[in-house]
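Taking it in order: structure first as C-alpha cells, then the write-up.
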Amino acid sequence: MSHVEHEIASQPDCWRKALELEPAGLPERGERVAVLGCGTSLFIAQAYAGLRERAGAGETDAFAASEFPEARDYDRVLAISRSGTTTEVLAALLRAADTPTTALTGDLATPISTAADTVVDLEFADERSVVQTRFATTALALLRSHLGLAPVDLVAQAERALIEPLPERARSARQFTFLGSGWTIGLANEAALKLREASGSWTESYPAMEYRHGPISVTGSDSVVWFFGEPPAGLVDQVRPTGAVLSVSTLDPLADLVRAQRLAVELAAARGLDPDRPRNLTRSIVLPRP
C-alpha cells in the first residue's frame, strides 16, 4: 500500500481528533480575516473563506501566499501549511507582522512555529506522501467545527466515502471536470489538483454556473463531470446529452472529496505511476534566498 492510500484511509480518525480540538488563535466572529496557502492549502483556504462568509462570521479573503496584499487591513491572518517550511507562506507571515497571525501546520519543528503568533498543532495528520490528502481535509474539518458547521455525522460520512463506489467508467475516462458552488469551489479545485498530481490526468475545475460559459465544450463521452454539493438547477440536464459520466453524491462535499482522492490513486496505479512521488514535485517549496 502506498503512503497516500494509507493516509486517505486514515481520514476518519484524523477528522475525529480534529473535531475534538478547541485550539486558541482561530478567527473569532466578526474579525476580518485573510487566509493564506499554497497549492492544496490554498484551495482549503478558499473553501474555508466561502464557509465563513456564508455563516456571517466575518469578511474572509483567501489568497495564494505569494499574492497576499499586505497593505490591506485585516484583524487576523490565518496560514495553512502542512510542511511549515514553504517560502511564500513564511514571507507572507513576515509581511503581516503588524497583524495577529495564526498557522495550522503538520510539523511544529519548522520555521512557521516562530513565524506565526499562534500555531495550531495538526501533527497527527501530517503525511509521508508528497500528495496532500488527510492534512488538508483535517484542517478544514477543524475550521468547519470552529464555525459550528461540521455535520454531526461527518466522520461517519468519511467512512462511507472510503467504500462507496466511484463513478462508473471514471477509471477509463480521458478528461475530468470538477464543479462547485460557494465554499465547494475550493473542493473542486482541490479534486482537480489531486488527479493532476497523482495521475497526470487532464483535469479542470470551475464554479458550477461558469461551466456553461465555455468549459462544457470539451465534455464528451470520455469525460467525467463531478459536482461537489447540489448542482445548479438545470445543469445536469445540459451535461447528460454530452455523454459524460456524472457524479452527484449525497455525501457531505468534504467526504465526497475523499472519493476523488481514491480515484486519483486508482488512476495512478492504472497508469503505472507512483502516487506518492509525482514528477517534478516535492513536499515543500523552499526557494533560495535572493
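Worth pointing out:
- Dipole-positive endmost among THR102, PHE68, SER41 within segment 22-117 (Cβ charges, Cα centre): SER41
- Atom-type composition of the exposed protein surface of segment 28-179 places 48 percent of the accessible area on carbon and sulfur (1.4 angstrom probe).
- Solvent-accessible surface of the chain, averaged per residue with a 1.4 angstrom probe and all protein chains in place: 43 square angstrom.
- Point-to-point label distance, ARG240-THR282, nm (Cα→Cβ direction, 7 Å offset): 5.1
- With both labels modelled 7 Å from their Cα along Cα-to-Cβ, the ASP98 to ARG128 distance reads 4.6 nm.
- Counted by Cβ distance under 14 Å from GLY148, the other residues give a net charge of +2, where Lys and Arg count +1 and Asp and Glu count -1.
- For segment 197-273, the share of accessible area belonging to carbon and sulfur comes to 53 percent (1.4 Å probe, ligands and nucleic acids excluded).
- Charge dipole magnitude, Cβ of K and R +1, D and E -1 - segment 26-172, Cα centre, debye nearest 20: 420
- Residue-count net charge about GLU88 - beta-carbon cut-off 12 Å; Lys, Arg +1, Asp, Glu -1: 0
- Contour minus Cα-Cα distance for ARG212 and ILE163 (0.36 nm per residue): 14.4 nm
- Residue among GLY214, GLY272, GLY106 with the largest mean-square fluctuation in a Gaussian network model of the chain, springs linking Cα atoms under 10 Å: GLY214
- Read-out Cα extents along the principal axes in Å, derived from the coordinates shown; its label in [x] 78, 47, 36; [y] 54, 41, 39; [z] 59, 46, 29: [y]
- Dipole magnitude for the chain: computed about the Cα centre from +1 point charges on Lys and Arg Cβ and -1 point charges on Asp and Glu Cβ, it is near 760 debye.
- Taking Cα centre as origin and charging only the Cβ of basic (Lys, Arg, +1) and acidic (Asp, Glu, -1) residues, the dipole magnitude of segment 69-125 rounds to 100 debye.
- Relative contact order for segment 218-278, counting Cα pairs under 8 Å that sit 6 or more residues apart, in percent: 32
The values are calculated or read from the model by the stated rules, or taken from the named source; none is laboratory data. Keep in mind the model is a prediction, meaning the values are calculated, not measured. Here Cβ is always computed from backbone atoms with ideal geometry, including for glycine, and neighbour counts include all displayed protein chains. These accessible areas exclude ligands, DNA and RNA; they are computed on the full protein's heavy atoms, side chains included. Shrake-Rupley method; radii C 1.70, N 1.55, O 1.52, S 1.80 Å.
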